[in-house]
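**Student:** Handing you this structure, nothing more for now.
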Amino acid sequence: MLISKSSGDYKAQMVYNAQKGYFKEQRSVAEINQLFKGLNNVSSPAKTATLKINGKVMSDEGGGGMSDEPTCTDWYWVEPIYDGNGNIIGEVWTYLNRTCSTTGGGDGGSGSENEPEPIVEFGEADDTPIGATIEESSSEQKIVNVSWYCYKVNGKNLRFKSYEKVKIEPPIMGTQWLVADITHTSMSPEGSIEGQGISPILNWSQGETTMNSAWAKMKLNFKDKRTYYWKGILRTRYSPDINAARAWGIYELIGY
């Protein structure tokens, strides 16, 4: 899908069609009008398209509604990001270039044509422990909340903190308490990077322990999601999948 945005706040969404030449270096007002009308012939549901101006869907009735078409347009290639269920959870925008109509005289630029796109620096897995707090303690069970840093961006004030809940039960024999279960509770960012929105996206979590176990382990698979504005467009970037893991012994959890 191609998205355009011009200095006149004109927005267009359309499907790129190499056979019909939907994208080329120069485009006149008449060509844009013709392109808009031709979009009605797109038959595939996966390739539907609309034209918008000031956030409202345009209609080609009554002369096409293109009288306010601007002189220049910035073009972007937009790729949807899907989750495991096939739902769109974001978009990746790639700037292509600017085209100007052959009428209208000049590009009427906004002064941000050479604005560099912000640099997104992703990080790596971490396994730094933070602490353990006993939530419940009785003769029948103990519930311990543990936290740790599972992700860090070197040289930046940004880490991801993960929280887990561990269930500990008394031994059948002997005196040492044993880990019965561990589950993931939540994940949150700590710190910030100027101009970028940051959020962890958890793909899956897996707690590990065994019967009569003196340890608990948590495995996480997640992404670092960033959002920022560039040339007035909200952009989204995702890191590759990050795998992080940490194990706790019974002595770390309850001290004996």
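The values are calculated or read from the model by the stated rules, or taken from the named source; none is laboratory data. No experiment lies behind these values; they were computed from the predicted model shown. Please note: Cβ atoms are built from the backbone with ideal geometry, for glycine as well, and neighbour counts cover all protein chains shown. In case anyone asks, the SASA skips ligands and DNA or RNA and just uses the protein heavy atoms, side chains included. Shrake-Rupley method; radii C 1.70, N 1.55, O 1.52, S 1.80 Å.
**Student:** For region 182-196, what does the Karplus curve 6.51 cos²θ - 1.76 cosθ + 1.60, with θ = phi - 60°, yield as ³J(HN,Hα) per residue in whole Hz, taken in order and with x for Gly and Pro?
**Tutor:** Calculated HN-Hα couplings, in order: 9, 10, 7, 9, 6, 9, 8, x, 10, x, 7, 10, 4, x, 10 Hz.
**Student:** Can you find, among THR209, THR227, ILE250, the residue sitting farthest towards the positive end of the charge dipole of region 196-256, where Lys and Arg contribute +1 and Asp and Glu -1 at Cβ?
**Tutor:** Result: THR227.
**Student:** Rounded to two decimal places and with Rh computed the Kirkwood way over Cα pairs, what is Rg over Rh for region 131-229?
**Tutor:** On the way: Rg = 16.9 Å, Rh = 15.2 Å.
Using Cα coordinates only, the ratio equals 1.11.
**Student:** Full-extension gain between TRP230 and THR133, please, as 0.36 nm times their residue separation minus the C-alpha to C-alpha distance. Numbers along the way, then the final one.
**Tutor:** Details: separation 97, 0.36 × 97 = 34.92 nm, distance 4.29 nm.
Computed gain between TRP230 and THR133 is 30.6 nm.
**Student:** Continuing with this model, one more query. Quick one: which of LYS167/LYS219; LYS161/LYS217; LYS156/LYS225; LYS152/LYS225; LYS142/LYS217; LYS142/LYS225 span more than 25 angstrom between C-alpha atoms? Walk me through the numbers before you get to the answer.
**Tutor:** Numbers: LYS167/LYS219 17 Å; LYS161/LYS217 16 Å; LYS156/LYS225 15 Å; LYS152/LYS225 13 Å; LYS142/LYS217 17 Å; LYS142/LYS225 35 Å.
Those over the limit are LYS142/LYS225.
**Student:** How much area per residue is accessible in region 146-238 when the probe is 1.4 Å and only protein heavy atoms are counted (Å²)? Present the calculation step by step, with values, prior to reporting the outcome.
**Tutor:** On the way: 4540 Å² over 93 residues.
Here the residues of region 146-238 average 49 Å² of exposed surface.
**Student:** While we're here: List the GluC sites (Glu not before Pro) within region 168-235 that DSSP assigns to loop and that have no more than 16 neighbouring Cβ atoms inside 10 Å.
**Tutor:** Working: sites: GLU190, GLU194, GLU208; in loops: GLU194.
Counting only loop positions with at most 16 other Cβ atoms within 10 Å, the GluC sites (Glu not before Pro) in region 168-235 are GLU194.
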